[in-house]
1. Of all trypsin sites (Lys or Arg not before Pro) in segment 282-363, which ones are in loop regions per DSSP and have a Cβ with at most 12 other Cβ atoms within 10 Å?
2. Residues with amide H under 5 Å of Thr176's amide H, sequence separation 5 or more or different chain, H placed in the peptide plane at 1.01 Å from N; which?
3. Quick one: net charge of Gly242's neighbours, Cβ under 14 Å, K/R +1, D/E -1?
4. Step through the residues of segment 271-280 one at a time and calculate ³J(HN,Hα) from phi using the Karplus curve (6.51 cos²θ - 1.76 cosθ + 1.60, θ = phi - 60°), rounding each to whole Hz and writing x for Gly and Pro.
5. Identify the GluC sites (Glu not before Pro) of segment 86-148 meeting these criteria: DSSP loop state and at most 14 other C-beta atoms within 10 Å of the C-beta.
6. For Asp58, Asp328, Asp197, what ranking results if the residue with the fewest other Cβ atoms within 10 Å of its Cβ goes first?
7. Quick one: which residues, 5+ away or cross-chain, put their amide H under 5 Å from the amide H of Ser318? H built at 1.01 Å from N.
8. Which of Glu487, Glu361 has the fewest other C-beta atoms within 10 Å, and how do the rest follow up to the most?
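Nothing in this text is a laboratory measurement; each read-out follows from the coordinates by a stated rule. If you're wondering where the values come from, they're calculated on a predicted model, not measured in any experiment. Because the Cβ atoms are built from the backbone with ideal geometry, glycine has one as well, and the counts that use them run over all protein chains shown.
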Amino acid sequence: MRVLTPAQMRAADAQAFAEVGEVALMSAAGARVAEVAARYARSRKVVAFAGSGNNGGDAFAALALLPDYERVIYAQDAPRASQARRDAEQRAERAGVERRAFPQSLDDARDAIADCGLVIVGLVGTGARFPLPEAYTNVIRALNESDVRSIAIDIPAGVDGERGIVVEPALRASATVTLAALKPGLILPPGRECVGDLWLADIGMPASALAAQQSSFAALDDAEFLALLPKRAASSDKRSAGAPLVVAGSAQFPGAAILCAMGAARAGAGYVTVATPQAAATALRAHLIEQVVVTIDPAQSAESVVQELLEIAKRNSSVAIGPGLALDDQTGEIVRGFVRACDLPIVADASALFHFAKHLEMLRGKRIVLTPHEGEFARLSGKGTVKESERVERLRDFVQETGITTLLKGQATLIYDGATMHVNTTGTPALATAGTGDVLSGIIATLLSQGLAPVDAARAGAYWHGLAAKHAAASRPRGVIARDVYESLAAALPKPHTEESPLVRIF
């Protein structure tokens, strides 16, 4: 999906106004907001708040299309109203929408939302300047302290549309209907936490107006994910279907290797091989039936183990390395020596990231994706703790410096290859449990083995990983564990849609 900054959205709007007309676009925006409003309203009374700009015009347009509801709009005057805003106001008046003066105090705002079943908030759009006027913040405070559902038009008031920074007080919306394209601030924390359910609305903006903007951000939707997912050919055998090699495990952490191998298998690999130290092999063989477990002996010289791994890898088509491996110097030499000599696509996680720190130059030019969480990324980058507001810039700087495609885990996992910042939208708290990162490594290893480029394997893997965790959590609201995630991969696959909808739920 296209993700546009506020400045890019303004440029797209200007082109679309010239081609389609702003009245038609605002009418379509109102229709989409009205459709979502009907899903969330708890009673037949709907209240709206309209600022002085086109965001407020969208609120008028929405109420005009809700004839079965008692509708009241508290609107600021718009002395320089656009043609579209004037048209929306006139249509709302003809439709019987009651207009009242905008509340000027917190008590007035509380009174305005009393006994209503839904509030539509059209105060400011993505180009808002902060701090917001006091009249607006009174409305936001009244809504946040109430249990009334609210729908934000385009973006919750108080959220920066480009970086996701939250300027308090910011609206904690029940849902947000964003228009024409996603904005970074909606899908990046902490702004993402204010969004509620996120809906993307097609308002008839010409594709050319959106395509003219060279976005530096992107996100997958179900259709794009399914298009990325490799299809198994009719002539496939078990190795051509995907044959990842998992180099993982230790006496202390054999489970990490098992989870990685099962993630790879359930993602569709035809032949999974696990290379693990002898001390972990018994545990792995007790749990892995369809996967081949071979042993390595870290007590041998690092050169001997590297050569042994390279020989095994000749029958594989990708590598996952790191989950559960030991952190000693000998293992570090083995990991670095093998990766340096291996020309297969690689996903590296956990202990491998520990062993790559201060040795990143050896990875330049390789088909590799690193998958650190924030603590691991701090060590890899050598620049300390990653603040939430700095994640995009820190990742961008790291990849520009090293040339290594990197997946930075988090509520909104980021994947960057030096060209486009991919933001994953399927993150869920259900993934906050031990071992889910090992499952992700297995998924990515399979996608690499089936021919996807590192950035595509990483973004598709993260998207699928989140879908599977959400599916698992739907049947087990508490206590999801990593094996639930890999067991849910198949069931979580989206169903192909034959018709495009003008309204799509993102999360």
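1. Answer in residue order: Lys314, Arg315, Lys358.
2. Long-range HN contacts for Thr176: Ala152, Asp197, Leu198, Trp199.
3. +4
4. Rounded to whole hertz, the list is 8, 9, 10, 10, 9, 9, x, 3, 5, 9.
5. Of the GluC sites (Glu not before Pro), the ones in loops of segment 86-148 whose Cβ has at most 14 other Cβ atoms within 10 Å are Glu145.
6. Asp328, Asp197, Asp58
7. Amide H neighbours of Ser318, under 5 Å, 5+ apart: Ala243, Leu245.
8. Glu361, Glu487
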